[in-house]
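A short write-up of the structure that comes next.
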Amino acid sequence: MQNGKWLVVVPPLGGLQPAPDWLTSRPDQDFRIVRGRKAYAFTSQITAPQPHGFSGGPLVEVVAPSGTSCGTFDTKGYAAAVGGDGSVIANTDDCTRRVWPGLLGVR
């Protein structure tokens, strides 16, 4: 990603390739690999400083490896992050955290 736009991908043992349409259609969004490497979880980037190092918007979109959207999860929080174990963490405006342990983990 450069300047909020996905430009290229690097496949295993390969060279640079243009980013697929399903990735370029999600500018300004970060993603994590979830569901045991069977899906991606996208969160919006927020450029303003966030409490406790959080980044992302309150929506988490789950996307299949084909690029098909599987749905959106609204954390109703100020900023959301997805942990390596698939936990979704949202920091709300009143400085409380909502945690969904393992929500996007291996199933």
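Ser87 meets all of the listed conditions (1) open to solvent by 50 Å² or more (accessible area, probe 1.4 Å); (2) at pLDDT 90 or above; (3) of a type in the set (Ser, Thr, Tyr) but one, namely (1).
Residue count for segment 11-31, restricted to those that are open to solvent by 90 Å² or more (accessible area, probe 1.4 Å) and either modelled with pLDDT under 90 or touching a Lys or Arg at 6+ places or on another chain (Cβ under 7 Å) (or both): 2. If the condition is being β-branched (Val, Ile, Thr) and in contact with a Ser or Thr (Cβ under 7 Å, 6 or more places away or on another chain), then segment 67-97 contributes Val82, Val88. Gly56: on the phi > 0 side of the Ramachandran plot, modelled with pLDDT of 85 or more and under 14 Å from the mean Cα position of the chain (by Cα), yes or no? No, not satisfied.
The values are calculated or read from the model by the stated rules, or taken from the named source; none is laboratory data. Remember, it's a predicted structure, so these values are computed and weren't measured experimentally. Because the Cβ atoms are built from the backbone with ideal geometry, glycine has one as well, and the counts that use them run over all protein chains shown. Only protein heavy atoms, including side chains, enter the accessible area calculation; ligands, DNA and RNA are left aside. Shrake-Rupley method; radii C 1.70, N 1.55, O 1.52, S 1.80 Å.
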